[in-house]
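Here is the structure we will look at, set down as structure tokens.
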Amino acid sequence: MKENRVNADKMIQAGVLAWLIPGGGHFLLGHRALGAVFFAAISFTFFFGLALGGIKNSVNPFTNRWLFLAELGTGGYTVASYVVNLKVGEIKPQQLATPRDSNTPDPRDQIDPDVYAKYVSFYPAADVAQIYLATAGLLNLLAILDALTRAQTGGLPTYYRELAEHLGPPAGGKP
Amino acid sequence: MISLGGGPLAAYIPFLHAWPWPVSPLAHLLLFLPLAFCIALVYRATRARSASELPRATLITFVNIVVGMSLIALAFFVVYEVVIRVM
């Protein structure tokens, strides 16, 4: 009973930390090398996408809510980026929203075109940025699930049953 | 007190402005490679028992993704060419 409680606490801590910082959950569980790999790969994907797309247009629930939902997989980065988006620049995130229908006035018409061009990226950079950012969020979901599994199984990966059947004992010794 | 409201500090935040990077059609395609590598790395890391298993497994998965996607792209190109000629 007590052991189950400890496992559940560890799972929650690892999951939340992995959501906040990619690889954080693995680091907490003692898989430091794997944590560093997750951190490097997911951080590169997220920040490269952000650099291509610009923070105003790319981390904005008013312009593309589905992209924002995917980005929330990397929760810490996305929340921090959205706070930065709110705090800096001459445009508010709401001003970049696409109108719901043709009868609603377009808030983008109120923005000076030069200011608009300064903050908003266009094809093809904007498309590549969206792919990178959404992929970063979804990859971190995989990392979170893996951290939860490793917390539950004492260090074995998500597909540990299949791996045990095919690979035998671990190559590096320590899991 | 440092003001972020469009003040001087804002100019030093690299992700605030869109990066005016001239992405040519070739560069557009090549940007697929680092993304495929990161996907291969993360996917393989979720299946690895230790980091020492990663380099070989990641390389194999990366090559599989690149070759697979290239073949799909080639197939679509052939279909496109055939459709264009028939039409």
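Can you give the average number of partner chain beta-carbon atoms within 10 Å of each beta-carbon in peptide A:8-14, as a whole number? Mind showing how you got there, number by number?
On the way: counts 0, 0, 0, 0, 0, 0, 0.
Counting other chains' Cβ atoms within 10 Å and averaging over A:8-14 gives 0.
Mind ranking A:Arg32, B:Arg85, B:Arg47 by accessible surface for me, highest first, 1.4 Å probe?
Working: A:Arg32 150, B:Arg85 195, B:Arg47 60 Å².
I get B:Arg85, A:Arg32, B:Arg47, largest accessible area first.
For peptide B:32-42, compute the average count of partner chain beta-carbon atoms within 10 Å of each residue's beta-carbon.
Values: counts 2, 0, 5, 10, 1, 3, 12, 6, 1, 8, 16.
Averaged over the peptide's residues, the number is 6.
Any chance you could look up the accessible area of B:Ser50 with a 1.4 Å probe, heavy atoms only, rounded to 10 Å²?
About 10 Å², ignoring ligands and nucleic acids.
Report the calculated FRET efficiency for A:Ala36 and A:Val79 (r = Cβ-Cβ distance, R0 = 22 Å), to the nearest 0.05.
0.45
To the nearest hundred square angstrom, how large is the accessible surface buried between B and A, total for both chains, probe 1.4 angstrom?
Details: alone 7780 and 10840 Å², together 15230 Å².
Buried surface at the B/A interface: approximately 3400 Å².
Compute, for A:Phe48, the solvent-accessible surface of its heavy atoms (probe 1.4 Å) with the complete set of protein chains present, and express it in square angstrom to the nearest 10.
40 Å²
Using a 1.4 angstrom probe on the protein heavy atoms only, line up B:Glu53, A:Glu71, A:Glu90 by accessible area, largest first. Numbers along the way, then the final one.
Values: B:Glu53 40, A:Glu71 0, A:Glu90 100 Å².
Greatest to least solvent exposure: A:Glu90, B:Glu53, A:Glu71.
If a/c stays under 1.5 just call it rounded; otherwise compare a/b with b/c (prolate if a/b is bigger, oblate if not). Do that for the stretch A:1-78, with a ≥ b ≥ c from the square roots of the Cα gyration tensor eigenvalues.
Working: a/c = 4.86, a/b = 1.89, b/c = 2.58.
Since a/c reaches 1.5 but b/c is at least a/b, the shape of the stretch A:1-78 is classed as oblate.
Does anyone have the angle between helix A:75-87 and the longest principal axis of chain A? Alpha-carbon axes, 0 to 90°, nearest 10?
Approximately 20 degrees, to the nearest 10.
Arrange the residues A:Thr45, A:Thr135 by how much accessible surface each exposes, largest first, with a 1.4 angstrom probe. Display every interim value, and only then the final one.
On the way: A:Thr45 0, A:Thr135 25 Å².
Ranking A:Thr45, A:Thr135 by accessible area, largest first, yields A:Thr135, A:Thr45.
Give me the one-decimal nm value for the distance between modelled label points at A:Ser102 and A:Gln152, 7 Å along each residue's Cα-to-Cβ direction.
Spacing of the two 7 Å Cα→Cβ label points: 5.1 nm.
Take every residue in peptide A:87-94, count the Cβ atoms of other chains within 10 Å of its Cβ, and give the average of those counts.
Numbers: counts 7, 11, 7, 3, 1, 0, 0, 0.
Per residue, the average neighbour count from other chains is 4.
Return one whole number: the accessible area per residue of the stretch B:21-86 in Å², for a 1.4 Å probe.
Details: 4270 Å² over 66 residues.
Value for the stretch B:21-86: 65 Å² per residue.
Taking the full set of protein chains and a 1.4 angstrom probe, give the accessible area of B:His28 in square angstrom, rounded to the nearest 10.
Counting only protein heavy atoms, the figure is 60 Å².
The values are calculated or read from the model by the stated rules, or taken from the named source; none is laboratory data. For clarity, every value in this text was computed on a predicted model and none was experimentally measured. Cβ coordinates were reconstructed from backbone atoms using ideal geometry, including for glycine residues, and neighbour counts include every protein chain displayed. All accessible areas refer to the heavy atoms of the entire protein, side chains included, with ligands and DNA or RNA removed. Shrake-Rupley method; radii C 1.70, N 1.55, O 1.52, S 1.80 Å.
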